[in-house]
1. Taking only C-alpha pairs under 8 Å that are 6+ residues apart, what is the relative contact order of the chain in percent?
2. Just round it to a whole percent: the fraction of Cα-Cα distances in the range 89-186 exceeding 15 Å.
3. Computed over the Cα atoms, what is the radius of gyration of the chain divided by 2.2 N^0.38 Å, N being its residue count?
4. Relative to the Cα centre, what is the charge dipole magnitude of the chain, using +1 at the beta carbon of each Lys and Arg, -1 at the beta carbon of each Asp and Glu, and rounding to the nearest 20 debye?
5. So which trypsin sites (Lys or Arg not before Pro) in the range 90-161 are both in a DSSP loop and have at most 10 other Cβ atoms within 10 Å of their Cβ?
6. From Cα pairs below 8 angstrom and at least 6 apart in sequence, can you work out the relative contact order of the range 84-186, rounded to a whole percent?
7. Taking +1 at the Cβ of each Lys and Arg and -1 at the Cβ of each Asp and Glu, which of LEU46, ILE35, PHE14 sits farthest along the dipole of the chain towards its positive end, judged by Cα position relative to the Cα centre?
8. Does anything in the range 52-73 have its amide N under 14 Å from the 7 Å Cα→Cβ label point of THR25, and if so which residues?
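Just so it is clear, none of the values below were taken in a lab; they were calculated from the coordinates. In this text, all values refer to a predicted model and were calculated from it rather than measured experimentally. With ideal geometry, Cβ positions are generated from the backbone for all residues, glycine too; neighbour counts draw on all protein chains shown.
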Amino acid sequence: MRIVEEILVHNEKFVTDKEFEKFETTKFPEKKLVILSCMDTRLVELLPQAMNFKNGDVKIVKSAGAIVAHPFGSIMRSILVAVYELNADEICVVGHHDCGMSKLNAESFLSKATEKGISQEKIDVLKYSGVDLHKWLEGFDKVEDSVRDSVDKIKNHPLLAENIPVHGLVIDPATGKLDVVVNGYE
């Protein structure tokens, strides 16, 4: 059975058995916080547990490396929607040690893309159209610097009110230990 078929079989039982009832909450974050986190699989359950959050407490936005790559992209829009439409009044960027984005290499990435069937012609069209794939596929050397960069992009966004604290943390995906990189209250 393929993964989506497995999901649908499970989901039918999940709904029939009313397992959803234990997750009922509103769309508004109880603790009025929006978190930008990495999409790393190790953080799916670890991050909320390490931060003492349960379903309904926070809004979680995920991107590779917890990076705000563009100030007017979908990540920043999601954060602003959480603040203005869903009543979050603090923001927290959480990066992590041993992040795949720290090892991201444009040449290796593009090689893997061509192995999966993306033609060199498509890559060339992007390059000739002005897309700097090396910049777009750029990783980072130190997670702390990356967290600071995302915090700065969020904090200095023209549509974010100055009184919204923006914090920056780094989590250890092996232990759940959190370290403060930026204290948004200071």
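1. Working: 267 pairs, mean separation 42.6, N = 186.
Relative contact order, the chain: 23 percent.
2. The calculated P(r) of the range 89-186 puts 69 percent of pairs beyond 15 Å.
3. 1.18
4. Working: 23 positive and 30 negative charges, 44 e Å.
I would put it at about 220 debye.
5. Passing both the DSSP loop test and the Cβ count: LYS116.
6. Details: 123 pairs, mean separation 38.7, N = 103.
Worked out over the range 84-186, it gives 38 percent.
7. PHE14
8. 52-61
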